[in-house]
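The values are calculated or read from the model by the stated rules, or taken from the named source; none is laboratory data. Source: prediction; values computed, not measured. Note that each Cβ is placed from the backbone with ideal geometry, even for glycine, and that neighbours are counted across all protein chains shown. Quick note on the areas: whole protein, heavy atoms, side chains included, nothing else; ligands and nucleic acids left out. Shrake-Rupley method; radii C 1.70, N 1.55, O 1.52, S 1.80 Å.
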Amino acid sequence: GENVEQHPSTLSVQEGDSAVIKCTYSDSASNYFPWYKQELGKGPQLIIDIRSNVGEKKDQRIAVTLNKTAKHFSLHITETQPEDSAVYFCAASMGSNYQLIWGAGTKLIIKP
Amino acid sequence: EAQVTQNPRYLITVTGKKLTVTCSQNMNHEYMSWYRQDPGLGLRQIYYSMNVEVTDKGDVPEGYKVSRKEKRNFPLILESPSPNQTSLYFCASSPGTGWDTEAFFGQGTRLTVV
């Protein structure tokens, strides 16, 4: 069935180090891949997205890479800061209606 | 301020007592949707609407109803809530078709059914 697998479920990194979260998707026709950040007590918020015609996209300390052949995409956060602590969700558009299917989320902990 | 507003933020109810969670957006977005968030399962779509009077089932629609009589409002109705509907619910809106544009989420409604 249509699904998105996200790993790891929890990631703890030292402040200043890099963090990488990976997602794999099942539908080779998927063409839109957003990443959302959810802070405690709030709704998810888009931080970066990528479309299938692009292999990599950067926005300051955040980057997303897409490997269509392997059907996986990754979020990279460099020089992590305490405010990066949150739950991160990946998603992919799938199915006949291209609805978003979401990963289970990764809790990112930045250790001081 | 552009926003999606959900009410209430917290709700405790009893099995079988009908309830409505309201959702309103002020961005003139065509697309609106409801999600439930459960630990280890991420966000699962309940229903979505691509415009006024157009609604469709998402991945987990059983036990829920929605309506879209006005562009700005998209209420979620639980006609006979059961304990397995205890969850964190989010309403979201997006411009255009919704599947490839930014989704703006409300603050969430934490529902407990006892």
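A few points about this structure:
- Here the Karplus curve 6.51 cos²θ - 1.76 cosθ + 1.60, taken at θ = phi - 60°, turns the phi angles of region B:28-35 into couplings of 6, 6, 6, 9, 9, 8, 10, 10 Hz, with x standing for Gly and Pro.
- Percent carbon-and-sulfur accessible area, region A:28-112, ignoring ligands, DNA and RNA, probe 1.4 Å: 49 percent
- Buried area at the A:B interface is about 1600 square angstrom, summed over both chains, from accessible surfaces computed with a 1.4 angstrom probe.
- Principal axis analysis of the Cα atoms in region B:3-51 yields extents of 35, 24, 18 Å, listed in decreasing size.
- List of region A:32-49 residues, accessible area with partners at least 20 Å² below that of the chain alone (1.4 Å probe): A:Tyr32, A:Tyr36, A:Gln38, A:Gly41, A:Lys42, A:Gly43, A:Pro44, A:Leu46
- Amide H contacts under 5 Å for A:Glu15: A:Lys111, restricted to partners 5 or more places along the chain or on a different chain, H placed in the peptide plane at 1.01 Å from N.
- The H on the amide N of A:Ser85, modeled in the peptide plane, is under 5 Å from the matching H of A:Ile110, each at least 5 residues off or on a different chain.
- Taken over the protein assembly as shown, the convex hull of the Cα atoms encloses 123 Å³ per residue.
- In region B:80-114, burial by the other protein chains removes 50 Å² or more of 1.4 Å probe accessible surface, compared with the chain on its own, from B:Trp99, B:Asp100, B:Glu102, B:Phe105.
- Residues of region B:3-43 with amide N under 20 Å of a point placed 7 Å along Cα→Cβ from B:Ser80: B:13-21
- In this structure the amide hydrogen of A:Lys42, modeled in the peptide plane, comes within under 5 Å of no amide hydrogen from residues 5 or more places off or on another chain.
- In region A:61-104, burial by the other protein chains removes 10 Å² or more of accessible area from A:Phe89, A:Asn97, A:Tyr98, A:Gln99, A:Leu100, A:Ile101, A:Trp102, A:Ala104, compared with the chain on its own (1.4 Å probe, ligands and nucleic acids ignored).
- Per residue, in Å², the accessible surface of the protein assembly as shown once ligands and nucleic acids are set aside, probe 1.4 Å: 48 Å²
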